[in-house]
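Novice: The structure's right below; bear with me while I get my questions together.
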Amino acid sequence: MAIKAKMNKLYFLIISALLLSYSAEAAYINFNITSPANPDIQLIYDIPGQKDRKILRLKLREGTANVQLDIRSNTIIDVFHGDNAFKIFLRPSDDLTAAFDGLSPKQTLRFSGSGQENNQLLADYVSYFVGAEEWKYRGAYLTSYIPYATHDKAGAVSPVEYFQWIQGRKSEMENFLVTNMYAGSASSDLKTYLRDEIKYNIETDKLAYFLINKDKMGPGDFNRLKTHYIGNQRVGFMDNDLIKHPAYVNFITTYAHYLYLPNDIYNHEVALQYYNLIEKNMMGRAKYFLQSKLMTSVFNYENDTDLAAKKFSSFKKNCPYQEYVDNITEIYGGAMTDVPDAPAPIFKFYNKDGSTADLSAYRGKVVFISVWAKWCKPCIKNFEKSESIRAQLKKMGVVLLNASIDNDDMSWKSALSMFNPYGTNVRVTDVRGFKQQYGISTIPAYFIVDRHGKLAYLSDDTNRDLIQEFRDIQQR
């Protein structure tokens, strides 16, 4: 097996020399696997300047595989074989060999060659401190990963005992980086990576206590413990590369969940509330990274453009990281080239005289749609409270389209005689289709359509000038 592995590597190097110009930044990884669990091995890693991670799939030949990677900086590579995974720390010009039993990689993993000390230290750290299974906490389509050891401890002991355990765990990890037999010869870059790993895993574990025990604590207990153990902090950092560190990303995601506590994660506006909390409590790349992730996740999971429609304009204006702006624009595609840009769905309605028309009849004008029904008391109250503002909007040329979703003409006409809402009163012809088109689950509901037939949105500022914002929409 050893002779065949050497011949395979020699063959690989000869072919590489013929087909590729040699780069001083080339690094090699050689895999020797006994009892392979799979016919291939997969590598996933980041390439600086590229949005998507690089994925390589290597076919095993008699348990061996070799690959040359052209890397320009130290790189963490995720390696997958069957149901198992481990990490490799690779430097430019490394020539590393990883050998393991395919049925139990973590227990048998051994390294040799250039980079051996770095990767043995990394493997030992993972073996001692990283569990195979993790508990997942989800909210607003963001997921945090908590080791089950942390989850079980947080649910079983008092706050004092838990945070003492966290401190002891931190000391144990930090001591590992000093006493491990490979620590002295490992590179400073890897040790920096592991120090960041320890720091942000510990910070995540602190926050995890509140996620795990949120249903056991009343508001008073929550605020008291929060003040004592966490305090008031705003999250941010100056090192842009840190956003590539999985432990840091997991920490800022967990911090977003923590900020939302003790609210209900099933609230229908949870993504918007997360977004606003991130805006208020985070800084720098961390803030913009999570806000962009929120907007893209909501769209990917629900095909919902509402959050981006409300927030993307200000995000695009303020975000100094163009890759996040580009990523949102690319993912939304035709649904949002620039917000507001989603076309308002066309719906048909009955006029009071019994004739029919649709929304396109008002193209060229700003339309303020108020969705209501005879049985909706909040709808009627809102009409009454806003009559003065509505009169100003009508004077400006805004069409006040009061779209009733009453099921029959008699109920609608009866409501008009009783309440006579200020504006143009119509009744939707296909109520079910209309509600699906506009994503309406409760009423009253309100929508603004600009002169070009696209949805427009008011700011979330509580001190906003409503009339001025409508003027701004008219001028687009």
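Novice: Hey, which of the helices (runs of 4 or more DSSP H) in region 268-324, taking only ones fully inside, have at least 3 residues that are in contact with a Phe, Trp or Tyr (Cβ under 8 Å, 6 or more places away or on another chain), of a type in the set (Phe, Trp, Tyr) and free of Cβ contacts under 8 Å to residues at least 60 places away in the same chain?
Specialist: The helices (runs of 4 or more DSSP H) meeting that bar are 284-302.
Novice: From the residues in region 441-472 that are surrounded by 16 or more Cβ atoms within 10 Å (Cβ to Cβ) and of a type in the set (A, V, I, L, M), which one is nearest to VAL366 (Cα to Cα)?
Specialist: VAL449
Novice: Hey, another quick one. Six or more apart or on different chains, Cβ atoms under 9 Å: show the pairs whose first residue is in region 67-89 and assigned by TED's automatic domain parsing to the domain that holds SER187 and whose second is β-branched (Val, Ile, Thr).
Specialist: Cβ pairs passing all conditions: none.
Novice: Looking only at region 149-176, which residues are assigned to a helix (DSSP H, G or I) and either surrounded by fewer than 16 Cβ atoms within 10 Å (Cβ to Cβ) or in contact with a Pro (Cβ under 6 Å, 6 or more places away or on another chain) (or both)?
Specialist: Once the filter is applied, which keeps residues that are assigned to a helix (DSSP H, G or I) and either surrounded by fewer than 16 Cβ atoms within 10 Å (Cβ to Cβ) or in contact with a Pro (Cβ under 6 Å, 6 or more places away or on another chain) (or both), region 149-176 yields ASP152, GLY155, ALA156, VAL160, GLU161, GLN164, GLN167, GLY168, SER171, GLU172, GLU174, ASN175.
Novice: Filter region 7-46 down to the residues that are part of a loop (DSSP other than H, G, I, E, B) and among the small types (Gly, Ala, Ser), then identify the one that is modelled with the highest pLDDT.
Specialist: SER35
Conditions (1) at pLDDT 90 or above; (2) surrounded by 18 or more Cβ atoms within 10 Å (Cβ to Cβ); (3) touching a Ser or Thr at 6+ places or on another chain (Cβ under 9 Å); (4) not hydrophobic (A, V, I, L, M, F, W, C), marked per residue:
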| site | (1), (2), (3), (4) |
| --- | --- |
| GLY334 | no, no, no, yes |
| ALA357 | yes, no, no, no |
| TRP375 | yes, no, yes, no |
| PHE383 | yes, yes, yes, no |
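Novice: Select from region 181-223 the residues that are acidic (Asp, Glu), within 19 Å of THR254 (Cα to Cα) and surrounded by 12 or more Cβ atoms within 10 Å (Cβ to Cβ) and list them in ascending order.
Specialist: Selection gives ASP196, GLU197, GLU203, ASP205.
Novice: Out of region 423-466, which residues are over 21 Å from ASP409 (Cα atoms) and touching a helix residue (DSSP H, G or I) at 6+ places or on another chain (Cβ under 6 Å)?
Specialist: Residues satisfying the conditions are ASP450, ALA456, TYR457, LEU458.
Residues are listed down the side, and each one gets a yes or a no for (1) in contact with a His (Cβ under 9 Å, 6 or more places away or on another chain); (2) assigned by TED's automatic domain parsing to the domain that holds ILE44; (3) modelled with pLDDT of 90 or more:
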| site | (1), (2), (3) |
| --- | --- |
| HIS151 | no, no, yes |
| GLN167 | no, no, yes |
| SER187 | no, no, yes |
| GLU197 | yes, no, yes |
| ASN201 | no, no, yes |
| LYS214 | no, no, no |
| VAL235 | no, no, no |
| PRO246 | no, no, yes |
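Novice: Let me ask something additional. Can you list the strands (runs of 3 or more DSSP E) found entirely within region 47-141 that contain at least 2 residues being basic (Lys, Arg)?
Specialist: Once the strands (runs of 3 or more DSSP E) in region 47-141 are filtered for at least 2 residues that are basic (Lys, Arg), what remains is 54-59, 134-139.
Novice: What single numbered condition from (1) touching a Lys or Arg at 6+ places or on another chain (Cβ under 8 Å); (2) in a loop (DSSP other than H, G, I, E, B); (3) not polar (S, T, N, Q) fails to hold for ILE440?
Specialist: The single condition ILE440 does not satisfy is (1).
Novice: Quick check, is VAL426 assigned to a strand (DSSP E or B), crowded, with 20+ Cβ neighbours inside 10 Å and over 39 Å from the mean Cα position of the chain (by Cα)?
Specialist: So VAL426 fits the description; yes.
The values are calculated or read from the model by the stated rules, or taken from the named source; none is laboratory data. All values reported here derive from a predicted model rather than from experimental measurement. When we count neighbours, we look across all protein chains shown, and the Cβ atoms used for this are built from the backbone with ideal geometry, even at glycine.
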